[in-house]
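**Q** Structure provided below as structure tokens; questions to follow.
The values are calculated or read from the model by the stated rules, or taken from the named source; none is laboratory data. Computed from a prediction, not measured in an experiment: that's the story for all the values here. Note: ideal-geometry Cβ built from the backbone for every residue, glycine included; neighbour counts use all protein chains shown.
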Amino acid sequence: MTTPKVFESEYRFCLLLWENEPMSCSNLAKLAKEKLEWSRTTTYTVIKRLCDRGVLANNDSIVTSIVGKDEIQLAELEELYEKRFENNLPAFIAAFAKQQKLSESDVEEIKKIIDGASK
């Protein structure tokens with residue numbers, strides 16, 4: 001099963017839910033108004049869309065996630081890797097390393113990950 005696509009604004013909304021679930025629709029709408037400045041109708045529309053795509057469940061006005069944060073992040077990363085870097089792992093890692101200041105501990109941790117993956 002492929003992970004459903006979650007767009008940026010939906011992701012920010014999901015972050016609120018993941019931190020607080022399960023939540024009633026009304027409390028989720030209040031939280032989205034406070035944190036995202038969304039209207040109640042926008043929140044309900046997004047809940048419906050994410051439920052239709054299988055990301056969330058809404059049972060008796062209680063919203064829970066079906067797809068977790070880690071799954072969404074991994075799907076986004078895979079899409080970036082495939083589409084922008086054409087499945088070229090060295091290019092992907094080089095682009096990341098050029099933009100980030102890596103500490104010695106970061107480098108050692110990355111080496112451990114690579115060593116573990118190659119075994």
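**Q** Taking the residues in region 99-119 that are assigned to a helix (DSSP H, G or I) and modelled with pLDDT under 85 as candidates, determine which candidate is nearest to the chain's Cα centre (by Cα).
**A** My answer is Gln99.
**Q** Please identify the pairs in which a residue from region 49-73 that is within 15 Å of Thr3 (Cβ to Cβ) has its Cβ atom under 7 Å from the Cβ atom of a residue that is of a type outside the set (Val, Ile, Thr) and at pLDDT below 95, counting only partners at least 6 apart or on another chain.
**A** Every condition considered, the pairs that remain are Arg53/Pro4; Gly54/Pro4; Val55/Pro4; Val67/Pro4.
**Q** Test Glu76 against the stated conditions and say whether it is acidic (Asp, Glu) and surrounded by 13 or more Cβ atoms within 10 Å (Cβ to Cβ).
**A** When the stated conditions are applied, Glu76 passes them.
**Q** While we're on this one: Please work out which residue is nearest to the chain's Cα centre (by Cα), limiting yourself to region 41-54 and to residues that are within 12 Å of Ser65 (Cα to Cα) and crowded, with 18+ Cβ neighbours inside 10 Å.
**A** Restricting to residues being within 12 Å of Ser65 (Cα to Cα) and crowded, with 18+ Cβ neighbours inside 10 Å, the top hit is Leu50.
**Q** Output yes when any residue across region 86-107 is closer than 22 Å to Ser9 by Cβ and touching a helix residue (DSSP H, G or I) at 6+ places or on another chain (Cβ under 7 Å), and no when none is.
**A** No, that holds for no residue.
**Q** Give me a count of the residues in region 23-40 that are assigned to a helix (DSSP H, G or I) and either on the phi > 0 side of the Ramachandran plot or more than 21 Å from the chain's Cα centre (by Cα) (or both).
**A** Total satisfying the criteria: 4.
**Q** Now for a different question. Would you point out which residue out of Glu78, Glu82 is of a type in the set (Asp, Glu), in contact with a Ser or Thr (Cβ under 9 Å, 6 or more places away or on another chain) and free of Cβ contacts under 8 Å to residues at least 40 places away in the same chain?
**A** Glu78
**Q** Of all residues in region 1-22, how many are touching a residue at least 12 places away in the same chain (Cβ under 8 Å), acidic (Asp, Glu) and in a helix (DSSP H, G or I)?
**A** Residues in region 1-22 being touching a residue at least 12 places away in the same chain (Cβ under 8 Å), acidic (Asp, Glu) and in a helix (DSSP H, G or I): 1 in total.
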